[in-house]
Amino acid sequence: MRAWRYARAFALLAFALPVTAGASEVAQLAWLRDGNFEARQLLDAPGFSAQRAPADAPLVTPLGSLWKLFVFAYLEESGAAEQAYICRAERTSPADENRNCCEPGDRVARAPALARSCAPYFEPARLGIGREAWQRHWRERSQAQWLLDLNRLRPATEVQVKDLLAALEAISPRARAAARAALLETALAGYGREAWSALGTGLRYKTYTWHRADEPAISYGGAAGWLPDGTPFWFGARGSSRTALAAWAPRIAAALPRPRWPDAAVEAAAGPCVEVDFFARYPLRAVWLEREEAKAPAGALQGRYRLEFANGNWLRVASAGELRLSGTMPPTISARFTLNEYVARVIEREGGTAEQQAARALAVAARSYLVQNARMEAGCWRIEDSSRTQRVSANAPGAAALEAAWFTDELVLNGAPVRYHLDAPGDQRLSWHAARARAAEGWSFERILAEAYPRANLAALSGIEDCARIPEAEIWLARSAPVWRRRLQGQVGYEPPAEPPQVCTLAQGRPYSDARRMRIYVRGWRSLDERVTLAHEYLHLAFRFYPRGADEAYIERLARRLLEG
């Protein structure tokens, strides 16, 4: 998170940086909901413009890596127990597809293979998938003819986007949930890593890069997947999946339809759950039916009620069966929620949603507090609704609170205890009033969290971090940077960071630097080639405001000169 501190110094300058290489002036976005196909053209213009795509022009896309989604779904739905894939000990060329899968000699399982786009893993021949079984499976679920032909599961196969979305919609909730879980790695550590802060982690997608038949010399990339409520979507633009997503993420976020949060909560019911004991510090005297002078019977509460407390206070609540009333005296109320509904109810009770970025920051803090402090019972976290822990609204959360919870789906803070307070900041403690003020100034939720929790890292519940740091590489870079500064002082455009940036482990793809977060993503630092790469990416940051900072040949020559010295 130290890099976040540096990001604060440069965030206001981010808009002045050139658009990511590979972006086109027009991108395409589409989704399918209630049988209605919607397509938009995204324009590279102020205001994140979007307009309806022409109805008379069928939208076509190469499958690229998207074919792997359907093999993954088949394996999940058929209950397959295939062998893990073992990466070859030697790689035959830089284009060897094993490079995305695992280190030579290591194994990769189904879920990480999907996230890393490991093509050899999903080859039907390796998996022993027969033509008849495959066709029988998909005929029962989809009308897409291209999906019935195993020979068409190739990157170059072009399909109509409407048919692709219908096929994604046909994937069962069970397989979709498994794919969503696997694809979180794509957003945080894979090819979507430069886009997730704009798109959120509730949106899950598989990336693809190929070329279209009408433009064979130009890379074309994007993503396809699901909104939190299961709505399938697709995006495509010139460039690789990484560059296209990075360039267009804010426009995609602005143009996508709003998810239907109640549906999302139902779909997530099989996921993490939270048991809440309400009003732990305020004993109840009685629970009354709102419109009758009668006490509510024990069991699930359906309707509107008046809660009478032992201290004489009253509270009105509405419940659709999620609140449970005990038959004991004094009575108690408990409930079981999905994790994101719980987080949304904490936002409603502890903070609010007037400032969207502050609400998202509180969502991460509340989820982190739960994981760090609740006890696990029968597969659910259990926690009191109390000012000693965190308070939870007994009434259903609104759409804005659910948006904040789902936008930060599965995100937690690791590496430091998480606390927060209404108006008192402190060591590793978020002040809600300060968070709202920062959000009003234009700060993102990432930046708000970085200020409040400087010793913590953003990570997923599954353990995936958006930056798995390499401390030895950071130490080496910190020692090298002053030497380089003296040697490069006369170079035009040289403006090094005040301190060496954070160095993160690269899960897949090519090494790169992130000027917004002041981070470098590499695989290692021990060999000479790895150190040249580290110096190379550092120089991209040091020359980030100068045109030659994007000149790969110039930066590479400079990096090698520094290391030779």
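The values are calculated or read from the model by the stated rules, or taken from the named source; none is laboratory data. Since the model is a prediction, treat every value here as computed from it, not as a measurement. Quick reminder, even Gly has a Cβ in these numbers, built from the backbone with ideal geometry, and neighbours come from all protein chains shown.
When each of TYR205, TYR191 is tested for being free of Cβ contacts under 8 Å to residues at least 40 places away in the same chain, of a type in the set (Ser, Thr, Tyr) and buried (at least 18 other Cβ atoms within 10 Å of the Cβ), the lone residue that passes is TYR205.
Any residue that is of a type outside the set (Phe, Trp, Tyr) and either in contact with a His (Cβ under 7 Å, 6 or more places away or on another chain) or more than 30 Å from TRP288 (Cα to Cα) (or both) - is there at least one of those in segment 379-388? Checking segment 379-388: at least one residue is of a type outside the set (Phe, Trp, Tyr) and either in contact with a His (Cβ under 7 Å, 6 or more places away or on another chain) or more than 30 Å from TRP288 (Cα to Cα) (or both).
The strands (runs of 3 or more DSSP E) found entirely in segment 292-370 that carry 2 or more residues being of a type outside the set (Lys, Arg) and farther than 24 Å from PRO272 by Cα are 299-309, 314-325. Of all the numbered requirements in (1) surrounded by 13 or more Cβ atoms within 10 Å (Cβ to Cβ); (2) at pLDDT below 95, LEU66 misses one, and that requirement is (2). Scanning segment 411-425 finds no residues that are out of contact with any strand residue (DSSP E or B) (no Cβ under 9 Å at 6 or more places or on another chain), closer than 16 Å to LEU362 by Cα and not in a loop (DSSP other than H, G, I, E, B). Scanning segment 453-473 for residues that are surrounded by fewer than 15 Cβ atoms within 10 Å (Cβ to Cβ) and either closer than 24 Å to ALA535 by Cβ or modelled with pLDDT of 90 or more (or both) yields PRO471, GLU472.
Within segment 526-551, the set of residues being surrounded by fewer than 16 Cβ atoms within 10 Å (Cβ to Cβ), part of a helix (DSSP H, G or I) and acidic (Asp, Glu) comprises ASP529, GLU530.
TYR420 meets all of the listed conditions (1) over 21 Å from VAL276 (Cβ atoms); (2) touching a residue at least 60 places away in the same chain (Cβ under 8 Å); (3) of a type outside the set (Asp, Glu) but one, namely (1). Of the residues that make up segment 437-458, is at least one within 28 Å of LEU227 (Cα to Cα) and part of a strand (DSSP E or B)? Looking through segment 437-458, at least one residue is within 28 Å of LEU227 (Cα to Cα) and part of a strand (DSSP E or B).
In segment 401-433, the qualifying residues are those that are of a type in the set (Gly, Ala, Ser) and under 18 Å from the mean Cα position of the chain (by Cα), and the one that is surrounded by the most Cβ atoms within 10 Å (Cβ to Cβ) is ALA405.
One residue alone among ALA224, ALA166 is in contact (Cβ under 8 Å) with a residue 40 or more places away in the chain, of a type in the set (Gly, Ala, Ser), part of a helix (DSSP H, G or I) and closer than 26 Å to PRO124 by Cα, and that residue is ALA166. Taking PHE309, is it modelled with pLDDT of 95 or more and farther than 30 Å from GLY442 by Cα? Against the criterion (modelled with pLDDT of 95 or more and farther than 30 Å from GLY442 by Cα), PHE309 qualifies.
Does segment 387-408 contain any residue that is of a type in the set (Lys, Arg) and not in a loop (DSSP other than H, G, I, E, B)? Among the residues of segment 387-408, not one is of a type in the set (Lys, Arg) and not in a loop (DSSP other than H, G, I, E, B), which makes the answer no.
Figure legend. Inter-residue proximity from segment 73-91: first residues assigned by TED's automatic domain parsing to the domain that holds LEU183, second residues among the polar types (S, T, N, Q) and modelled with pLDDT of 90 or more, beta-carbon distance below 6 Å, spacing 6+ or different chains. Indicated pairs: GLU77/SER172. Only a single criterion out of (1) crowded, with 20+ Cβ neighbours inside 10 Å; (2) hydrophobic (A, V, I, L, M, F, W, C); (3) over 24 Å from the mean Cα position of the chain (by Cα) is not satisfied by TRP476, namely (1). With the structure loaded, tell me whether LEU164 is in contact with a Phe, Trp or Tyr (Cβ under 7 Å, 6 or more places away or on another chain), assigned by TED's automatic domain parsing to the domain that holds THR209 and either under 18 Å from GLU76 (Cα atoms) or surrounded by 19 or more Cβ atoms within 10 Å (Cβ to Cβ) (or both) or whether it fails that test. Taking the combined requirement at face value, the residue satisfies it.
Just for segment 481-495: of the residues that are closer than 16 Å to HIS540 by Cβ and small (Gly, Ala, Ser), which one is nearest to the chain's Cα centre (by Cα)? Checked segment 481-495; the qualifying residue nearest to the chain's Cα centre (by Cα) is ALA481.
Taking the criterion of being of a type in the set (Gly, Ala, Ser), farther than 21 Å from PRO112 by Cβ and in a loop (DSSP other than H, G, I, E, B), the residues of segment 495-525 that qualify are ALA498, ALA515. The selection criterion, being modelled with pLDDT under 95 and under 27 Å from ALA27 (Cα atoms), holds for ALA246.
From the set of residues in segment 244-260 that are closer than 16 Å to ARG204 by Cα and among the charged types (D, E, K, R), which is farthest from the chain's Cα centre (by Cα)? Only one residue tops the list, namely ARG260. Sort out which residues of segment 145-163 are of a type in the set (A, V, I, L, M) and either farther than 23 Å from LEU227 by Cα or part of a helix (DSSP H, G or I) (or both), and write them in order of number. Correct list: LEU147, LEU148, LEU150, LEU153, ALA156, VAL161.
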